[in-house]
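Bear in mind that the values in this text are calculations on the coordinates, not laboratory data. Source: prediction; values computed, not measured. Neighbour counts are summed over all protein chains in view; Cβ atoms, including those assigned to glycine, are modelled from backbone coordinates with ideal geometry.
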Amino acid sequence: MAGSGRAAGLTGDAASLSGSAPRDFRSAARNHPGGGSWTPWLYLAPALVVLGGLLLYPIYQLGLISFFRYTQAQVSGGEPTSFEGFGNYAELFGDSQFWQVLLATVLFAAACVGATLAVGCALAVLLTRVRAVPRLALMLAALGAWATPAVTGSTVWLFLFDPDFGPVNRLLGLGDHSWTYGRYSAFLLVLLEVVWCSFPFVMVTVYAGIRAVPAEVLEAAALDGASQWRIWRSVLAPMLRPILTVVTIQSVIWDFKVFTQIYVMTNGGGIAGQNLVLNVYAYQKAFASSQYGLGSAIGVVMLLILLAVTLGYLRSLRRQGEEL
């Protein structure tokens with residue numbers, strides 16, 4: 001009887017607690033409506049501090065320098081720093097070479113992004129259709145290309161296409177043809193190297209997304225007679241759109257900021273600057289010509305262009321109902 005009484009008491013206490021706990025929680029939530037809203041920010045605080053030091057402060061300094069006349073004379077202390085306002089931007093936008101380099105950069109980056117996505121997505125689909133050993137070999141080869149430093153990869157590609165000792169000219173029977181002499185052939189050579197070192201990221205990411213797609217969906221599409229291209233266009237691509245969004249934005253940012261490949265493979269921008277892109281152009285203005293304010297202005301323009309492209313792309317996806 002005593003045990004049953006204690007059990008009944010415990011049951012009553014539990015019932016009273018279960019009945020009062022939600023009311024107590026709701027009253028606490030009403031009394032402190034923002035009580036738990038700061039918890040995620042406390043966890044993010046260390047990362048935000050690091051990002052602020054490594055990203056926001058350099059951007060602030062970049063923008064600040066772009067409003068001043070800042071050359072080697074100011075760096076050495078021989079002349080005082082003078083505020084130019086938008087003078088560097090006016091000089092930049094009044095330079096016809098800047099617009100030529102901007103157009104070349106946009107077209108080159110678009111070609112690199114399109115080729116990288118096409119190669120990466122095609123190989124990702126191929127990985128789902130080969131056996132384990134070829135799949136492992138392809139993954140290792142791709143990751144090896146991805147891990148190769150840009151300077152090393154650019155040097156190797158220069159050797160492969162060398163007019164005197166390169167094996168590519170011999171295989172194609174082109175003799176002593178110089179790939180870096182012509183403007184378009186030099187851009188093509190750099191594009192091939194950029195795609196070679198960039199497609200593994202797209203391939204691995206898209207492959208992981210394909211593996212997450214239910215097999216029944218793909219089997220149903222195949223049973224309906226859909227070709228591989230139709231399965232990709234009508235089934236896989238819509239389901240992988242968030243992943244494709246990420247790899248597209250990453251590719252746009254990387255390819256728009258290409259520096260090492262152009263600088264190494266075209267010897268600083270090609271003959272008479274015919275292969276200049278914005279990053280190399282900014283380097284020449286800032287360090288070769290010691291016009292640090294003008295070089296900073298080019299960097300700010302690049303940042304604004306990338307932000308506009310990224311935000312515009314995300315906004316278009318939001319309008320289509322995609323959750324990002």
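Between the helical axis of 150-160 and the dominant principal axis of the chain, each derived from Cα atoms, what acute angle in degrees is found, rounded to the nearest 10? Helix 150-160 and the main axis of the chain meet at about 50 degrees.
With r defined as the distance between the Cβ atoms of V168 and W146 and R0 fixed at 22 Å, what FRET efficiency is calculated, to the nearest 0.05? Present the calculation step by step, with values, prior to reporting the outcome.
Numbers: r = 22 Å, r/R0 = 1.00.
With a Förster radius of 22 Å, E is 0.50.
Of all the options L140, L191, L51, the one that moves most in a Gaussian network model of the chain with Cα springs shorter than 10 angstrom is L51. Label reach from R318 (point 7 Å along Cα→C-beta): in the range 252-268, amide nitrogens under 20 Å belong to 253.
Please give me, ordered by residue number, the chymotrypsin sites (Phe, Trp or Tyr not before Pro) of the range 51-147 that lie in loop per DSSP and have at most 14 other Cβ atoms within 10 Å.
On the way: sites: Y60, F67, F68, Y70, F83, F86, Y89, F93, F98, W99, F108, W146; in loops: F67, Y70, F86.
Answer in residue order: F86.
Rounded to the nearest 500 deg cm²/dmol, what is the calculated helix-only ellipticity per residue at 222 nm for the chain, with -39500 (n - 2.57) per DSSP H run of length n ≥ 4?
Values: 16 runs with 228 residues, N = 324.
Calculated from helices alone, the mean residue ellipticity at 222 nm is -23000 deg cm²/dmol.
Across the range 122-152, the residues whose backbone nitrogen lies under 14 Å from the label position 7 Å along the beta-carbon direction of L218 are 122-132, 135.
Using the Karplus relation 6.51 cos²θ - 1.76 cosθ + 1.60 with θ = phi - 60°, the per-residue 3J(HN,Hα) values for the range 161-170 come to 9, 5, x, 9, 10, x, x, 5, 4, 5 Hz, with x marking Gly and Pro.
Relative to the current alpha-carbon distance between S185 and T39, full extension at 0.36 nm per residue lengthens the span by 47.1 nm. Spin-label model, D176/A137: points 7 Å from Cα along the beta carbon direction are separated by 3.9 nm. Cα centroid distance between the range 173-235 and the range 86-163, in Å? With the range 173-235 and the range 86-163 each reduced to a Cα centre, they are spaced 12 Å.
Give the relative contact order (percent, whole number) for the chain; include only Cα pairs under 8 Å separated by 6+ residues.
Details: 280 pairs, mean separation 77.7, N = 324.
In percent, rounded to a whole number, it is 24.
3J(HN,Hα) along the range 305-315: 5, 5, 5, 5, 5, 5, 5, x, 5, 5, 5 Hz, from the Karplus curve 6.51 cos²θ - 1.76 cosθ + 1.60 with θ = phi - 60°, whole Hz, x for Gly and Pro. Tell me, what is the FRET efficiency for F93 and T245 to the nearest 0.05, using R0 = 45 angstrom and their Cβ-Cβ distance as r? Once rounded, the FRET efficiency stands at 0.90.
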